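Working notes for the structure below.
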Amino acid sequence: MLKKLKEILTSIPATIIGGIFLIASFVLSKLSIDFPLDPAWITILICGLPLLYNAIRKLICNRGISKISSALLISIAMAAAIAIGDLFAAGEVAFIMAIGEILEDLTTDRAKKGLKKLISLSPTQGRKLENGTETMISAAEIKEGDILRILPGETVPVDGRILTGETSVDQSVLTGESMPVDKTVGDEVFGGTVNRFGVIDIKATKVGEDSSLQKLIRMVQDAEEKKAPMQRTADKCASWLVPVALLIAVITYLVTKDIVRAVTVLVVFCPCALVLATPTAVMAAIGQATKHGVIIKSGEALETMGRVTAIAFDKTGTLTYGTPEVSDVISLSGSMSETELLTLVASAEGKSEHPLGKAIVAHAKRNNLPLTESTCFSMTGGKGIRATVADHDIVCGTENFLHENGITLSAETKEHLEQLRNQGKVSLLVGESGTCIGILALSDVLRPEASSMITKLHSMHTKAVLLTGDNKKTAEYFATQAGITETHAELLPEEKVAHITELSSHGNTVCMIGDGINDAPALKSANVGVAMGTMGSDIAVEAADIALMGDDINKIPYLKRLSNATINTIKFSITLSMLINILAVVLSVLGLLNPTTGALVHNAGSVFVVLIATLLYDRKFE
C-alpha cells in the first residue's frame, strides 16, 4: 500500500502538480494574499512524503552508516522549516529533490525484455524416433540418449551428436559465426541452432538445463545480477553531510539562541544541487549521444566508458558486415574467363538453398550476368551440388566433394586454396570432366572505418582485442586488416566471458562490443557493453549498456571523449554546488539568510548546475 502510494507521488504528473502549488504559494505570499491553506502544504505532501518514506525505510532496513541518507537530512530540514512556519522553504527543498529523483530514474532505467526474448528461443518440441516411428514431444520430455530427427529449417531441440545425415547448421545464435557450419556423422550440434538443409538424426547428449542455450540464458541472468546500480552522489556524501549539518545547526542555535538561523542552516545544507549535478549532466550527454545515433542506457555506463582501458570486439557484424560476399573468382581453365566461370556457377547454384550458393547468385545478378536455369540439379548436404548448365556438367563444392566425384586437385589449385584460407575466405571449387576448372571464394567484408577506429583507440592508450567464434585463420586475417594484434578465435559464449574476466583481472576496465545473441553474456560481464543496434539482435541490444543505432564503430572513440567530458562536468558542478552550500551556511550562521531566502540561494546553485550541464548537449566531440 505504502509502496504503491510512493509510486504515485513520485510520478512526473504528481511532481508537476507539486511544482504548480509551490509557485502558487510563492505568488500568494508576495501579493500578501491570505489563503486558508498554504498551497505549499500540497507540495510538501506530494514531494515530501516519498522522501520521508525513503529516510525511514533506510533507517529500518539498512545496516551501519548506510542508514544515514540525503533523504534523512532533507526530511529533518522539512520538519524544522514546518516547525517555524516556513512552509515554502519546506516545499522547495522537497520539490527540487523530487526533480532530481525523476531525472535519475529517466537515465538509469534498464529494459528487461532481452532476457525474455532469449528464453523464447528455447525450442519447445522435438521429433523423437522410436521403433521406426516419429513422435513430436515437448523439449522438456527429451531425455539423454533419445534419438531425434531434425528436418531442414527446424531448430535443434537439444545438444546432440549426429548419427546419420549431412547438413549445414546456422550456429550464429551461439557462436556468432557468419556462415553455416557443415556437419556430418559424428559432429556435435547444439540446442537452439538451426538446421539449414538436409535431414539428420541425432543422439541427445545434453538436455534441459545442461544444454548450451540454457547455459547461455543462465550466464545472462548471472551477469545481470552482478551489475550493481549506480549510487547517487548525494547518498555517497550523506554519511558525513547529515552529521555535519546537524552539528552546525545545533552549535548555531546554542551560540545565537536563534532557532531560525539553525533551521536555515539545515535548509541550505540540503544537497539539491549536489543531487542534480549527476543526472542533469548525464541527461545532456545522453541527448548529445542520441543526436549522433548512440543510445546510452544509464549514467553508470557513460561514466564507465570513460575509464575503459581495453575493448574486446566481436568480429562478425561488428568489425565486419556479417554477410558473405564473393571476393575472388579464379578461372583455372584457359578457355573460360572469370566472368564466364561466375555465370556458369551462379546458374548452377540457382536452385540451391545454401547461403553460399545464394550469395553467389545474388552477386551475379548485381553484375547483370545472364543466368541460365540448370537441369539435373542435385545437392549433397554439407558438401556441394551437381548440375547441368547448357552443355556443362559441373560439380561445385568442397575439396572432399570433388574427390568423391573423381576430380583430383593440381598443385596450382591447392596453392590457391591455401592462399584463400590464409585470408580467412571460404572456397567453392568448380569441377568439370574430371578437372577443377575454377575457384570461387567468399568472405565477410571488413567495415572500411574499422582500421581508423582502432588507430584512434590506440592513440587514446586503449587496448583492442578480437574475440570471435569464427575459425582462427579467418579471425587472424581480419584482425590484421583492422590493426588488432591480440586475437582469440573459435570461442563459445562462455569462453568469451572467460576472456573478459581475464582482461579485467589484469586491472583493465573492459568494454565489449558485439551484435549477436551469443555476445549477450560477454556484453553483460564486461564493465560496459556496446551493441550494434541496427544489425544486432534485439537480445544483444537489450543486454548492452550502449547501442550504436547506425552500426558506426567510429562512434567508439567519440563515446570515450563524451564520457570524459561528462565526468569533468559532474565534478565541476559538484564542486560549485558545495562551494555555494558552504557560503550559504556561513551567511545563515551570521543571520544574513532566513529559511526562505536560504532556499532561494541554494536553489540558484541548482540552476547553475543545470545550465552547466546543458552546455554538454551542443559541444563538439568529433
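Rounded to the nearest 500, what is the 222 nm mean residue ellipticity of the chain from helices alone, with -39500 (n - 2.57) per DSSP H run of 4+ residues and division by all residues? Write out the running numbers ahead of the final one.
Working: 23 runs with 309 residues, N = 622.
The helix-only estimate for the chain comes to -16000 deg cm²/dmol at 222 nm.
With N set to the number of residues, divide the alpha-carbon radius of gyration of segment 332-411 by 2.2 N^0.38 Å and report two decimals.
Details: Rg = 12.3 Å, N = 80, 2.2 N^0.38 = 11.6 Å.
Scaled against compact globular proteins, the figure is 1.06.
Roughly speaking, what is the centre-to-centre gap between segment 309-328 and segment 582-620 when only Cα atoms are used, to the nearest Å?
First find each Cα centre; the distance between them is then 50 Å.
Exceeding 29 Å between C-alpha atoms, which entries from my cross-link table qualify? They are Lys414/Lys472; Lys358/Lys414; Lys4/Lys58; Lys365/Lys472; Lys383/Lys472. Mind dumping the intermediate values first?
Numbers: Lys414/Lys472 19 Å; Lys358/Lys414 25 Å; Lys4/Lys58 17 Å; Lys365/Lys472 32 Å; Lys383/Lys472 21 Å.
Check vs 29 Å cut-off fails for Lys365/Lys472.
Mind ordering 149-159, 308-318 by average Cβ neighbours within 10 Å, highest first? Provide the component values of the computation, followed by the final result.
On the way: 149-159: 20.3, 308-318: 25.8.
Those peptides, ordered most packed to least, come out 308-318, 149-159.
Which whole number of Å³ per residue matches the convex hull of the alpha-carbon atoms in the chain? Intermediate values should be presented prior to the final figure.
Details: hull volume 123.2 nm³, N = 622.
In the chain, the Cα hull volume divided by residue count equals 198 Å³.
Normalised radius of gyration for segment 332-379, please: alpha carbon Rg relative to 2.2 N^0.38 Å, two decimal places. Display every interim value, and only then the final one.
Details: Rg = 10.7 Å, N = 48, 2.2 N^0.38 = 9.6 Å.
Dividing the Cα radius of gyration by 2.2 N^0.38 Å gives 1.11.
In what sequence, highest mean first, do 369-381, 395-407 appear when ranked by Cβ atoms within 10 angstrom? Before the final figure, lay out each step's value.
Working: 369-381: 14.5, 395-407: 18.5.
Going by the mean number of other Cβ atoms within 10 Å, highest first, we get 395-407, 369-381.
Which aspartates and glutamates, if any, have their Cα less than 17 Å from the Cα of Lys128, not counting same-chain residues under 8 positions apart?
Cross-link targets: Glu141, Glu144, Asp146, Glu154, Asp159, Asp201.
If you build the convex hull over the alpha carbons only and average its shadow over all orientations, what do you get for segment 256-402? Give it in nm² to one decimal. Present the calculation step by step, with values, prior to reporting the outcome.
On the way: hull surface 68.2 nm².
Mean orientational projected area (segment 256-402, Cα hull): 17.0 nm².
Once amide H atoms are built 1.01 Å from N in the peptide plane, which residues 5 or more positions from Ile200, or in another chain, come under 5 Å H to H?
Under 5 Å from the amide H of Ile200 lie the amide H atoms of Ile150, each far enough along the sequence or on another chain.
Determine the per residue accessible area of the chain with all protein chains present and a 1.4 angstrom probe, expressed in square angstrom.
With all protein chains present, the chain gives 44 Å² per residue.
Rounded to the nearest 5, what % of DSSP beta bridges with both residues in the chain are antiparallel? Don't skip to the answer; put the middle values down first.
Working: 57 of 75 bridges.
For the chain, the DSSP antiparallel bridge percentage is about 75.
Skipping prolines and chain starts, which residues have an amide H placed within reach, meaning under 5 Å, of the one on Lys463, given they are 5 or more residues away or on another chain?
Amide H neighbours of Lys463: Ala310, Ile311.
Leaving out ligands, DNA and RNA, what percent of the accessible area of the chain is carbon and sulfur, probe 1.4 Å? Write down the numbers at each step before the final one.
Values: 15990 of 27350 Å².
That fraction is 58 percent.
The values are calculated or read from the model by the stated rules, or taken from the named source; none is laboratory data. Predicted model, so just to flag it, every value in this text is computed and none were measured. Positions of Cβ are generated from backbone atoms using ideal geometry, with glycine treated the same way; all protein chains shown enter the neighbour counts. Calculation scope for accessible area: heavy atoms of the full protein, side chains included, ligands and nucleic acids excluded. Shrake-Rupley method; radii C 1.70, N 1.55, O 1.52, S 1.80 Å.
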